[in-house]
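The values are calculated or read from the model by the stated rules, or taken from the named source; none is laboratory data. All of these numbers come straight from a predicted model, not from anything done at the bench. FYI the Cβ positions are ideal-geometry reconstructions off the backbone, even for glycines, and counts take in every protein chain you see. To get the accessible areas, we keep the full protein, side chains included, count just its heavy atoms, and leave off ligands, DNA and RNA. Shrake-Rupley method; radii C 1.70, N 1.55, O 1.52, S 1.80 Å.
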Amino acid sequence: TDDAGRLSIEWEKVARVRSPNLYEVEVASGVRHFGSLGSTDTDAVMVVRSARPETLRITDVVAIAPLSAGFVQRLTAYLDVGFTLAKANQATTFNVDGQVDYRGPAIGAAFNYSSYAQGQEGTPTTTRGTIRQSLSWFLPERWTAGGLVQAEWNDELNLDHRFTLGGAGGRVLAQSNRMELVAYAGLVGTREQYSSPSAAASTSATNLEGLLGANWSAFHFDSPKLDFSTTLSLYPSISD
């Protein structure tokens, strides 16, 4: 709200939900419904108003995502800029982090940029950074597909550049108002080039790697409060 800010209310204690705006409502079975939100005379029940209205129990709903009508309204973004100066040794650091997210009914996208530069009197400035563009497709039966394009550089590692292109598919294996378990697999190709400070030569390599992973999240609103997430990722090398 404008005056009180963001409020937190335990979902299972919500009696009724109403909104004229468009939302994606997902239930524990993985089925997604699209429409505005209405209520009935019965508590703990909500109606997703669309061409075919659906009546859902509030406790069965595990996720709600707003879907604004226009493209610009579906974007969320942030920008973080930092600068530090140490006068004693004339050391400076400068960092920029930003992200733009898009969320539609069937597709999502995220653009990330991160860079860091550090300089000191008498020593050369070192930089590192990452630019990433990812796409996600939300498929039926809890399936999701995604693609990734990424560029990196890092002076401290003598990494001139690394380009990454990959794709993956995943599925939500279990989902409730208490936990979520996701598994995914895919392929990632990289092209990287390193410079050698001791010789006027550089090394480059092209690699193909697999991707196997899982993410488990657990959360609880009331005491004891819990917001826990862990991810395991394996990258088996295919080309080497």
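Selection of segment 198-226 for residues being of a type in the set (S, T, N, Q) and either out of contact with any Asp or Glu (no Cβ under 7 Å at 6 or more places or on another chain) or open to solvent by 60 Å² or more (accessible area, probe 1.4 Å) (or both) yields Ser198, Ser202, Thr203, Ser204, Thr206, Asn215, Ser223.
Yes/no matrix, rows are residues, columns are (1) polar (S, T, N, Q); (2) open to solvent by 30 Å² or more (accessible area, probe 1.4 Å):
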position	(1), (2)
Gln175	yes, no
Leu181	no, yes
Val188	no, no
Ser196	yes, yes
Phe228	no, yes
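Consider Arg162 carefully, then state whether it is open to solvent by 70 Å² or more (accessible area, probe 1.4 Å), more than 19 Å from Leu135 (Cα to Cα), of a type outside the set (Val, Ile, Thr) and part of a strand (DSSP E or B). The answer is no for Arg162.
Filter segment 1-49 down to the residues that are assigned to a strand (DSSP E or B) and either more than 25 Å from Pro105 (Cα to Cα) or in contact with a His (Cβ under 6 Å, 6 or more places away or on another chain) (or both) and list them by number. Val25, Val48, listed by residue number. A single entry from Trp143, Trp153 fulfils the requirement of being in contact with an Asp or Glu (Cβ under 7 Å, 6 or more places away or on another chain), open to solvent by 40 Å² or more (accessible area, probe 1.4 Å) and in contact (Cβ under 8 Å) with a residue 24 or more places away in the chain: Trp153.
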